[in-house]
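Structure, as structure tokens:
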Amino acid sequence: MLVLLGCLVVPLLLVAVLSLRPSLAGPLLAGFEPTLAHYAASLGFLRLLLTSIVIAAIVAAAATALAYPIAWFLRFVAGRHAALLLLLLLIPFWTSYLLRVMAWKLMLGSEGVINSLLISSGLIDQPLAALLYNRGAVVVTLVYVWIPFAALPILAALQRVDSALHEAAGDLYARPFSQFWRVTLPLSMPGVLVAFFMVFIPTVGEYVTPLLVGGTGGAMYGNIIHDFFTRAANWPLGAAMAVVMLGATLAFALVALRLIDLRRLVAR
């Protein structure tokens, strides 16, 4: 509790205080007259915020959908090799995040692997510039980065599914797909939702990946906040935009959790 208070709550409160300052002049906690002018200015970027939320939802849904078969294979098929395969799944955690993103930049570049294969196979004559520096490249890269993270909570949920339930379903003449749809998926749905939001929440404010592979055509809300804190040196406006982003993300998560009744999903 003390660690969360000192490392999470207090910094967020300081950001909220900073967003109410007229300017950055003077100490942060020195007396000042609060203003909402920066929040009014942040309304001009709401469209980009909505775009970032949509992109984050797409990335979270794709990463979760692709991570589920991996987690299912580790739980029900891998057997005694599950520990080794799980270790291989976690290997990307041991490498630099920037290195993984830059690897995709090399893959999608005009002289990258994909363009080289297409040209050598005779399918195209000129490199495809549309593979890089757009939101599509951002989505592909982020999905790749987050798949291992999304697989872990799904695997944890699948490990709590008793194999005897599948045997009972089989005794009741349920085919494998029906067993999965009626037993495995509902019981693992809490892990699926955890995986979705674990990817969605940090992706909304992502700025490193859009900066490297998105360029100006793939900029997200986090890039604008980063620019206000660095290039423009307008910390109060950047803090106001960060607070707006936090509020919008939490609102989305709360609405989604209210609409999705976990008990009904498990009961099915």
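Every read-out reported here was derived from the displayed coordinates using simple, explicitly stated rules and does not represent laboratory data. In this text the structure is predicted, and so the values were computed from the model without any measurement. With ideal geometry, Cβ positions are generated from the backbone for all residues, glycine too; neighbour counts draw on all protein chains shown.
From the helices alone, meaning DSSP H stretches of at least four residues, give me the mean residue ellipticity at 222 nm for the chain, per-run term -39500 (n - 2.57), in deg cm²/dmol to the nearest 500. Please report the intermediate quantities before stating the final value.
Numbers: 13 runs with 173 residues, N = 268.
Value at 222 nm, helices only, nearest 500: -20500 deg cm²/dmol.
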(request) Note the full-extension length gain between ASP171 and GLN126 as 0.36 nm times their separation in residues minus their Cα-Cα distance, in nm to one decimal. (result) 10.3 nm
(message) Please report the projected area of the chain's Cα convex hull averaged over all directions, in nm².
(response) 19.6
(request) Could you tell me the distance between the Cα centroids of the stretch 159-198 and the stretch 233-248, to the nearest Å? (result) 42
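Rank the residues ILE119, ILE154, ILE124, ILE91 as a footprinting-exposure proxy: fewest other Cβ atoms within 10 Å of their Cβ go first.
In order of increasing Cβ crowding within 10 Å: ILE91, ILE124, ILE119, ILE154.
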(message) Placing +1 on the Cβ of each Lys and Arg and -1 on the Cβ of each Asp and Glu in the chain, which of LEU4, GLY170, GLY205 has its Cα farthest towards the positive end of the resulting dipole?
(response) GLY170
(message) Quick check: net charge around LEU118, other residues with Cβ under 14 Å of its Cβ, Lys/Arg +1 and Asp/Glu -1?
(response) -2
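What is the stretch 34-105 by shape, rounded, prolate or oblate, if you read a ≥ b ≥ c off the alpha carbon gyration tensor as root eigenvalues and call it rounded for a/c under 1.5, prolate for a/b larger than b/c, and oblate otherwise? Don't skip to the answer; put the middle values down first.
Working: a/c = 3.48, a/b = 2.44, b/c = 1.43.
In terms of gyration-tensor shape, prolate.
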(message) Can you give me the angle between helix 135-158 and the longest principal axis of the chain, using Cα atoms only, in degrees from 0 to 90, rounded to the nearest 10?
(response) 50
